[in-house]
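Engineer: This is the structure I want to talk about, given as structure tokens.
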């Protein structure tokens, strides 16, 4: 046997096949990617729609791995729940069988035509969309060319009794075939490549259907390695999503094993597949159908026990106490190539940052007025969290700036960075309040009742600004931004009033001088919190909302006035 020709032919064919799969999938993702991602993000309201959207997206972009990675990203970003993600992954498993069905038609003779037409479209057409369609057709041509080269490469194996013995062992020992399928797919990182290789081996008469079916079952388990890799540095929810993918495929294979051993599954595939099993030109259809039936039946079974799969996945990847800790979680790197979704994630993360800054201020004020040491410690932790948010969001926006953005999207980036900086400064001033409390505790100073009432009054006005900012940022609500701006004026008014009252208390000798400096420092920091919140509100009003709705300040005020004067 000419091992050199065998290895070179197999490696060359495999390389061309892999490149064809990559080119076809990448082109289809580029031409439909954002729409497909929007489908995934929106059409998952129930388990059936999740399966349908997963199958549709994977069938279109020809990559279950891409769909699964996107889904893990959506869960990590908080766009999709864990339960919704499982149904999408089930659908992706069905959608990926489309590739196997295409391969089974064995239209290798048309590969040169596909390559020629695809290359012409990709090189000479000016329309970007049609160029991408040309690249997809070129990829499909390479896919079939790779299959042809692999089939020529493995042909000498027909003469090797040792190789035949290995493949015959797969027929008699399904466990070894499943393990081989897992290993091959884990290495190649593509279930479609493994299915294509199995079909090629079957068409050369090297393996039969009894060996092919367990190889396909192993292939379905091995393909989950990509979702596990995508979830390595993701949230626990994303890790559970990846684990559910592995459990779903592994348990599905386990359920099928008895039917495999009894020969019932083989008989069922032969029954539903037209053609002659002994005809090597037809065997690809039997293998492709075994792949499709496995995924369809597994989905139907586990769809009925979806909550059980959720509980098992949660048990395997349990919830940890630190999951609730304030930290950036939604900025999914896999979604940077979809700028509208990425910007949506930034706003969601900003909304979480508003909440963290709010809690920091609450802790700072509580420490100040109640000498509450735990609140001092918590304020320090929350200030660190605002630093983490600022760093993560800014870095994400810088990465996003390197993508292909529209003018409107590009204009948002510096605006968002400025707002994030302002929210980080809110955390700094909240921490300052906690530090004032620490110094007062050391010197055993306390504020007078009048000073305490003044700080509480200032706190109430600031406290009301945070939920308005959150709504303005996440919902593009100009009225909420405007209301927050009006409240900041109230903060300034209260600050001036407190200054005047404080001077009167000093003149009357009610407030001792050392405590007086702490009071001035405290209300100064609280006013600065209002200033930074005002900046965020102004940004939200001027850009997030104004640029979209072109609403003017005068128009919104008139709308509010009309609403207030209408009879209830």
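Engineer: For segment 35-65, what are the residues that are under 15 Å from residue 86 (Cβ atoms), at pLDDT below 75 and part of a helix (DSSP H, G or I)?
Structural biologist: 40, 64
Engineer: Also, quick follow-up: Hey, residue 291 hits all of (1) out of contact with any helix residue (DSSP H, G or I) (no Cβ under 6 Å at 6 or more places or on another chain); (2) over 19 Å from residue 86 (Cα atoms); (3) crowded, with 18+ Cβ neighbours inside 10 Å but one; which does it fall short on?
Structural biologist: Checking residue 291 against (1) out of contact with any helix residue (DSSP H, G or I) (no Cβ under 6 Å at 6 or more places or on another chain); (2) over 19 Å from residue 86 (Cα atoms); (3) crowded, with 18+ Cβ neighbours inside 10 Å, the one that fails is (1).
Engineer: With (1) modelled with pLDDT under 85; (2) within 26 Å of residue 397 (Cα to Cα) as the list, and residue 450 as the residue in question, which single condition is left unmet?
Structural biologist: Result: residue 450 fails condition (2) only.
Engineer: Next up: Among the helices (runs of 4 or more DSSP H) confined wholly to segment 216-281, which include 2 or more residues that are modelled with pLDDT of 85 or more? Let's see the steps before the verdict.
Structural biologist: On the way: elements: 225-230, 236-261, 264-272.
The qualifying helices (runs of 4 or more DSSP H) are 236-261, 264-272.
Engineer: Given the criteria over 26 Å from residue 445 (Cβ atoms) and in a loop (DSSP other than H, G, I, E, B), does residue 388 qualify? Even if it seems obvious, please write down each step before you answer.
Structural biologist: Numbers: over 26 Å from residue 445 (Cβ atoms): yes; in a loop (DSSP other than H, G, I, E, B): no.
No, not satisfied.
Engineer: Please go through (1) more than 24 Å from the chain's Cα centre (by Cα); (2) buried (at least 22 other Cβ atoms within 10 Å of the Cβ); (3) in contact (Cβ under 8 Å) with a residue 60 or more places away in the chain for residue 425 and return the number of the only condition it doesn't satisfy.
Structural biologist: The failed condition is (2).
Engineer: Further question: When you look at residue 156, is it surrounded by 15 or more Cβ atoms within 10 Å (Cβ to Cβ) and closer than 22 Å to residue 17 by Cβ, yes or no?
Structural biologist: On the way: surrounded by 15 or more Cβ atoms within 10 Å (Cβ to Cβ): yes; closer than 22 Å to residue 17 by Cβ: yes.
Answer is yes for this residue.
The values are calculated or read from the model by the stated rules, or taken from the named source; none is laboratory data. A quick note: this is a predicted structure, and the numbers were derived from the prediction, not measured. Positions of Cβ are generated from backbone atoms using ideal geometry, with glycine treated the same way; all protein chains shown enter the neighbour counts.
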